[in-house]
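Below: one structure, written as structure tokens.
The values are calculated or read from the model by the stated rules, or taken from the named source; none is laboratory data. The structure displayed is predicted, hence computed values, not measured ones. Here Cβ is always computed from backbone atoms with ideal geometry, including for glycine, and neighbour counts include all displayed protein chains. Ligands, DNA and RNA are excluded from the accessible area calculation, which covers all protein heavy atoms including side chains. Shrake-Rupley method; radii C 1.70, N 1.55, O 1.52, S 1.80 Å.
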Amino acid sequence: MHDVLVAGASLAGATTAIHLARQGLSVRLIDKGQFPRRKCCGEGLFSRGVAELRDIGVLPEIEAQAGTLSAVRFSIQGCSAEARLGQGAIGVQRSLLDDAVLRACAAAGVEVELGVEARRLVETADGFAVEIGSETVGARVLIAADGIRSGLRTQAGLDRPARRRRYGVSAHLLLAEEPPPRVEVYFEQGYALYVTPVGGRLVNAAVLLERRGMEAMAGRLAEGFLDLVGRSALGRAFELVDEPLAAGPFPASAKALWRSPNLVLVGDAAGFHDGISGDGMSLALISARYCAGAVVSFLNTGSPRPFREYEQRRRRLARNSRLIASLILALASRPSLGRRAVLNLARKPDTFAKLAAINGGKLGLGSLRPRDIMALALGV
């Protein structure tokens with residue numbers, strides 16, 4: 001029996017496996033898919049996420065293929081505001097990033113098996129295990145990293161249904177000219193479009209929209225995506241490089257991030273609020289390190305306390321981006337209010353930079369002062 005079985009080899013699962021293997025644990029990592037693979041994602045990575053890539057040793061390879069991000073710009077109804085991101089943020093294709101991290105897993109001694117699906121959660125006398133084919137496979141700790149629609153989270157009774165249902169659709173575009181090194185966010189009627197440079201003239205375009213908008217694209221995802229991108233301020237000066245991919249619905253959340261005696265959730269399986277924050281990959285990387293630390297402590301002590309502490313740390317980690325995402329969603333759903341807010345942020349770029357730093361984890365919520373709220377609401 002392995003010390004740890006990780007079900008799901010995307011960014012959070014694979015990074016957790018690396019940290020655990022480096023602690024001398026025997027780790028088996030499985031995924032029903034094959035790599036490299038694309039994933040619907042905004043593909044922007046803030047500086048704290050980049051630091052995690054440096055820690056696991058894949059940053060030099062990734063930086064050579066990534067785009068530099070120095071700012072984020074919001075645009076709505078002809079008005080724009082820009083905030084500096086500081087040093088370290090990058091845009092990178094998920095197929096390249098996930099593949100690099102997965103190869104780092106193998107180099108760390110993780111037993112990687114692709115095309116292997118954890119079909120069902122099984123309770124045994126030794127704790128939770130999973131059904132793989134006709135075999136029940138267990139480990140001292142089982143980590144569910146099977147994504148936003150985690151079947152293991154649901155089967156463990158940890159899923160918390162959400163009322164709001166939003167979706168994302170993304171694809172890569174080749175622009176006529178190399179874009180400036182910033183994330184462009186266009187707030188349009190009924191949807192938001194994120195454009196992130198990922199190297200050279202290539203950008204990732206991600207559309208975020210409500211359920212009604214997604215339903216309108218049923219059976220015509222590529223056509224609907226191109227229509228929304230073309231109707232945005234980006235226009236049609238691009239070439240579609242690959243087929244659009246969809247993700248959702250979100251938000252997804254868990255009642256708890258672990259279940260006794262030996263099951264713990266990580267990555268999107270532990271919860272995903274909304275892609276509009278742009279902080280999902282950084283959250284996955286940092287929480288993977290937290291999760292690995294909790295697993296090591298649990299195996300050393302037998303106490304569930306490390307899992308409780310992991311849950312608290314992970315929820316604190318996600319709090320800032322959740323609040324900023326809620327604020328952006330409120331502005332996006334009310335175009336007149338959103339336009340006024342963007343105008344105010346243009347007048348007060350320091351406030352916008354502070355909000356971006358809070359969302360990216362560089363500053364805490366305590367740094368937000370009443371005058372910042374006044375600047376956002378009134379432009380004073």
Filter pass, S26 being open to solvent by less than 30 Å² (accessible area, probe 1.4 Å), out of contact with any helix residue (DSSP H, G or I) (no Cβ under 6 Å at 6 or more places or on another chain) and among the hydroxyl-bearing types (S, T, Y): no
Subset of the range 144-185 [within 18 Å of the chain's Cα centre (by Cα), aliphatic (A, V, I, L, M) and under 27 Å from T124 (Cα atoms)]: A144, A145, I148
Residue among S70, S47 that is of a type in the set (S, T, N, Q), in contact (Cβ under 8 Å) with a residue 40 or more places away in the chain, within 25 Å of I148 (Cα to Cα) and open to solvent by 10 Å² or more (accessible area, probe 1.4 Å): S47
Which numbered condition trips up T136, out of (1) in contact (Cβ under 8 Å) with a residue 40 or more places away in the chain; (2) farther than 18 Å from G33 by Cβ; (3) of a type in the set (S, T, N, Q)? (1)
Which one of the conditions (1) without any contact (Cβ under 8 Å) to a residue 60 or more places away in the chain; (2) over 26 Å from T68 (Cβ atoms); (3) surrounded by 16 or more Cβ atoms within 10 Å (Cβ to Cβ) does V229 fail to meet, given that it meets all the rest? (2)
With respect to S282, determine if the residue is touching a residue at least 12 places away in the same chain (Cβ under 8 Å) and in a strand (DSSP E or B). no
Within the range 294-314, the count of residues that are surrounded by fewer than 18 Cβ atoms within 10 Å (Cβ to Cβ) and either in contact (Cβ under 8 Å) with a residue 40 or more places away in the chain or within 30 Å of E188 (Cβ to Cβ) (or both) comes to 3
What's the number of the condition C41 fails, among (1) of a type outside the set (A, V, I, L, M); (2) part of a loop (DSSP other than H, G, I, E, B); (3) out of contact with any helix residue (DSSP H, G or I) (no Cβ under 9 Å at 6 or more places or on another chain)? (3)
Mind counting the residues in the range 51-64 that are touching a residue at least 60 places away in the same chain (Cβ under 8 Å) and among the β-branched types (V, I, T)? 0
Any residue that is surrounded by fewer than 24 Cβ atoms within 10 Å (Cβ to Cβ) and modelled with pLDDT under 95 - is there at least one of those in the range 254-262? no
Which residues, taken from the range 209-218, are outside any helix (DSSP H, G or I) and under 22 Å from G278 (Cα atoms)? L209, E210
Are any residues in the range 219-278 of a type in the set (A, V, I, L, M, F, W, C) and in a helix (DSSP H, G or I), and if so, which ones? L221, A222, F225, L226, L228, V229, A269, A270, I276
Listed residues R231, R236, R160; which is modelled with pLDDT under 95, charged (D, E, K, R) and touching a helix residue (DSSP H, G or I) at 6+ places or on another chain (Cβ under 7 Å)? R236
Quick check: is even one residue across the range 127-141 in contact with a Phe, Trp or Tyr (Cβ under 8 Å, 6 or more places away or on another chain) and either buried (at least 17 other Cβ atoms within 10 Å of the Cβ) or assigned to a loop (DSSP other than H, G, I, E, B) (or both)? yes
